[in-house]
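Asks: Provided herewith is a single structure, encoded as structure tokens, for subsequent inquiry.
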Amino acid sequence: MNNSVKSLLAVLFGLIAGALLMALTGHNPVEGYKYLLQGGLKNPERIGNTLATATPLILTGLSVAFAFRTGLFNIGAAGQMLFGGFCATAVGLSLDLPRALLLLVMVLVGFIGGALWAVVPGFLKAKYNVHEVVSTIMMNWTAYWTVYYVIPGYFKGASLETESRQLPPEAMLHQQWLSDMFQGSYVNLGFFIAVIAVLVVAFLINKTTLGYELKAVGFNRHASEYAGIAVKRSIVLSMFISGGLAGLAGVAQYAGNASSMQIGILPSQGFDGIAVALLGINAPIGVLVSALFFGILYSGRGFMNAMTEIPPEIADSIIAIIIYFAATSILIERLYRKLKLRRAANKKQGE
């Protein structure tokens, strides 16, 4: 059974479980799923909003997937996204440049901010074998408190101390022609950044020597070292790229989907990226499709709740169940093999 089939089965089982939850709580599953899909895909505006919702998920999913492919478990995408978004926001509020140049600088600074935030766990892993799960979680909270202090101190909003000043229009990823194309949706240039990132990472992993070396280190660190690959450098570089992708998610979120930063919030997209990567089988194109699917669920749950009495938590439960089946896909494979062997045995007895 290939990985794509496992992901599709995880989605199918999740949807079936969601239907059972709706039925057990006295609601019509067909009606619930109808409005859930309409909420994400009913018209061009809702499609655009779904794409915007999926954009940071694509980038955080890509961040986690890239680290997975190179043998690392990056739990710090939330902190890297937050710090990358903060760096981009600081540039947007501080520099007076032509719009094209300003946006380019914000994207680069956001990438570098997230990348540098991930380099610390990468260095600790490479030099002292500190587990990246622990260090990336700690860096999440370091980013949280850094932003919590700096925003009110240096970039405080005009009316609220809990958020930054609004970014000027020239520092936003919004494009009027794009919004008009989707009938006023808040889809923005961040989606194109995400798609480009998917293509670049796919090429890097599958078509370059660097990608081969990073994957080799992920498969077997000691064998790679014996083969002459610079393992410590590869670990740091892998975390650098992974963190940079999460930093781009911060740019897309805080300069695209929003226009300011709020303090006291770790972006949930950083943690949702783990689920996106699992369902996307850690493949760049798989992550893109997985993030779009999650975008539909997130965009549609509010509409489902508005049109029916089904609580939006049902959609969250569906997502959680899908994640569970994606994470335990080995159990699905074992069940498939068992059924296959039983069928072969029955066939042999019949002969």
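The values are calculated or read from the model by the stated rules, or taken from the named source; none is laboratory data. What you see is a predicted model, and the numbers here were worked out from it, not measured in a lab. Cβ coordinates were reconstructed from backbone atoms using ideal geometry, including for glycine residues, and neighbour counts include every protein chain displayed. Side chains are part of the model used for accessible areas, which takes the heavy atoms of the whole protein and leaves out ligands, DNA and RNA. Shrake-Rupley method; radii C 1.70, N 1.55, O 1.52, S 1.80 Å.
Asks: Pull up region 153-165, narrow it to residues that are in contact with a Gly (Cβ under 7 Å, 6 or more places away or on another chain) and not basic (Lys, Arg), then point me to the one that is modelled with the lowest pLDDT.
Replies: My answer is Thr162.
Asks: Now for a separate question. Quick one: Gly114 ticks every box in (1) part of a loop (DSSP other than H, G, I, E, B); (2) small (Gly, Ala, Ser); (3) in contact with a helix residue (DSSP H, G or I) (Cβ under 7 Å, 6 or more places away or on another chain) bar one, so which box is it?
Replies: (1)
Asks: Could you identify the single residue in Ile205, Ile281 that is assigned by the TED database to the domain that holds His174 and not in a helix (DSSP H, G or I)?
Replies: Result: Ile281 is the single residue among Ile205, Ile281 that is assigned by the TED database to the domain that holds His174 and not in a helix (DSSP H, G or I).
Asks: For Ile112, work out the one condition from (1) buried (at least 20 other Cβ atoms within 10 Å of the Cβ); (2) within 18 Å of the chain's Cα centre (by Cα) it doesn't fulfil.
Replies: So Ile112 meets the others, but not (1).
Asks: Quick check on this structure: which one of Ser290, Ser259, Ser268 is in the same structural domain as Ala77 (by the TED database), polar (S, T, N, Q) and surrounded by 24 or more Cβ atoms within 10 Å (Cβ to Cβ)?
Replies: Ser290
Asks: Based on what the data block shows, is Gly250 within 24 Å of Ala326 (Cα to Cα) and crowded, with 21+ Cβ neighbours inside 10 Å?
Replies: For Gly250, the condition - within 24 Å of Ala326 (Cα to Cα) and crowded, with 21+ Cβ neighbours inside 10 Å - is not met.
Asks: Considering only residues that are charged (D, E, K, R), open to solvent by less than 60 Å² (accessible area, probe 1.4 Å) and outside any helix (DSSP H, G or I), which ones fall in region 132-180?
Replies: Glu163
Asks: Taking region 181-199 only, how many residues are in a helix (DSSP H, G or I), open to solvent by less than 90 Å² (accessible area, probe 1.4 Å) and over 16 Å from Leu292 (Cα atoms)?
Replies: 0
Asks: Say we look at region 211-229 and pick out the residues that are touching a residue at least 12 places away in the same chain (Cβ under 8 Å) and of a type in the set (A, V, I, L, M, F, W, C); which of these is surrounded by the fewest Cβ atoms within 10 Å (Cβ to Cβ)?
Replies: So the residue we want is Phe219.
Asks: If Val30 passes every condition in (1) farther than 30 Å from Ala216 by Cα; (2) under 19 Å from the mean Cα position of the chain (by Cα); (3) loosely packed, with under 15 Cβ neighbours inside 10 Å but one, which one does it miss?
Replies: (2)
Asks: Of the conditions (1) hydroxyl-bearing (Ser, Thr, Tyr); (2) under 14 Å from the mean Cα position of the chain (by Cα); (3) open to solvent by less than 10 Å² (accessible area, probe 1.4 Å), Thr53 satisfies every one except a single condition; which number is it?
Replies: Exception for Thr53: condition (3).
Asks: Does Phe68 count as open to solvent by 40 Å² or more (accessible area, probe 1.4 Å), touching a helix residue (DSSP H, G or I) at 6+ places or on another chain (Cβ under 7 Å) and either in a loop (DSSP other than H, G, I, E, B) or not aliphatic (A, V, I, L, M) (or both)?
Replies: Here the answer is yes, as Phe68 does meet what is asked.
Asks: Then there's this: Could you check, for region 263-271, whether at least one of its residues is within 12 Å of the chain's Cα centre (by Cα), farther than 24 Å from Gly211 by Cβ and of a type in the set (A, V, I, L, M, F, W, C)?
Replies: The answer is yes; a qualifying residue exists.
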